[in-house]
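The values are calculated or read from the model by the stated rules, or taken from the named source; none is laboratory data. Predicted model only: the values in this text are computed from it and were never measured. With ideal geometry, Cβ positions are generated from the backbone for all residues, glycine too; neighbour counts draw on all protein chains shown.
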Amino acid sequence: MRALRKVAAAVLLAASSAVVTQQQAGAEADGATATHLPPYFAVIRPVTAQRLGKSWRPGCPVGPENLRLITLTTLGFDGRAHRGELVVADAVAPETVRIFGDLYRHRFPIERMETVEKYDADDDASMAANNTSAFNCRPITGGTEWSNHSYGRAVDINPVQNPYISGSGAVYPPNGAPYVDRTRTDPGLIHAGDHTVRTFARHGWDWGGTWTTPIDYQHFEKPRS
């Protein structure tokens with residue numbers, strides 16, 4: 001069986017595409033079950049400049065050949081399974097699949113997951129729609145250096161429930177202002193030490209909720225080596 005798995009993995013790699021089943025992605029779960037939920041699935045595919053739309057342009061720090069489009073199952077705020085899409089760096093695509101598989105089985109809800117070209121690559125519009133997203137070739141908020149989103153190595157999750165708070169106290173998106181109160185326990189909130197933070201941390205991802213200026217509760221990133 002182990003030999004067959006190795007052969008299958010090699011074939012998928014050669015095709016530049018991979019399918020991760022519920023069982024494969026569940027290897028690192030903490031023993032939770034997904035009763036009444038459809039099986040988790042995820043597909044990793046190459047992505048083109050045309051598909052990336054306004055989220056990519058010549059001069060960005062990585063090219064489409066270094067990015068992957070992931071289609072995966074999410075649990076919505078309505079308690080039902082939905083199909084989401086993320087674009088991430090090829091190097092972090094398999095672990096991204098595993099992370100979101102773990103969150104799905106632990107019933108962490110995600111309101112919306114669409115690639116940002118559907119918002120004309122406007123980060124403010126994507127956040128206001130409470131859209132969970134990853135790649136977007138743009139500078140850091142309030143700065144000029146490339147954001148880790150520009151490398152496909154950052155994910156923002158439920159931005160309304162997990163807002164960005166600038167050094168001056170401005171809240172992004174503005175409709176996330178009620179959720180600056182982190183004593184709230186609304187669905188989709190991320191709290192220090194919770195399952196979502198621990199799951200990302202096991203894969204070496206940092207959480208912006210531990211920062212002091214700014215504080216970025218929605219943001220997880222995998223540092224570049």
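For Gly193, the criteria (1) more than 22 Å from Lys54 (Cβ to Cβ); (2) surrounded by 19 or more Cβ atoms within 10 Å (Cβ to Cβ) hold in every case but one, which is (2).
In segment 20-132, which helices (runs of 4 or more DSSP H) lie fully inside it and hold 1 or more residues that are buried (at least 18 other Cβ atoms within 10 Å of the Cβ) and at pLDDT 95 or above?
49-52, 93-105, 123-128
I need the full set of residues from segment 155-207 which are of a type in the set (Lys, Arg), assigned to a helix (DSSP H, G or I) and without any contact (Cβ under 8 Å) to a residue 40 or more places away in the chain, in order please. The answer is Arg198, and nothing else.
Taking the criterion of being surrounded by fewer than 21 Cβ atoms within 10 Å (Cβ to Cβ) and part of a loop (DSSP other than H, G, I, E, B), the residues of segment 145-154 that qualify are Glu145, Ser147. Checking each residue in segment 100-133 for being under 11 Å from the mean Cα position of the chain (by Cα) and within 17 Å of Tyr151 (Cβ to Cβ) picks out Thr115, Ser133.
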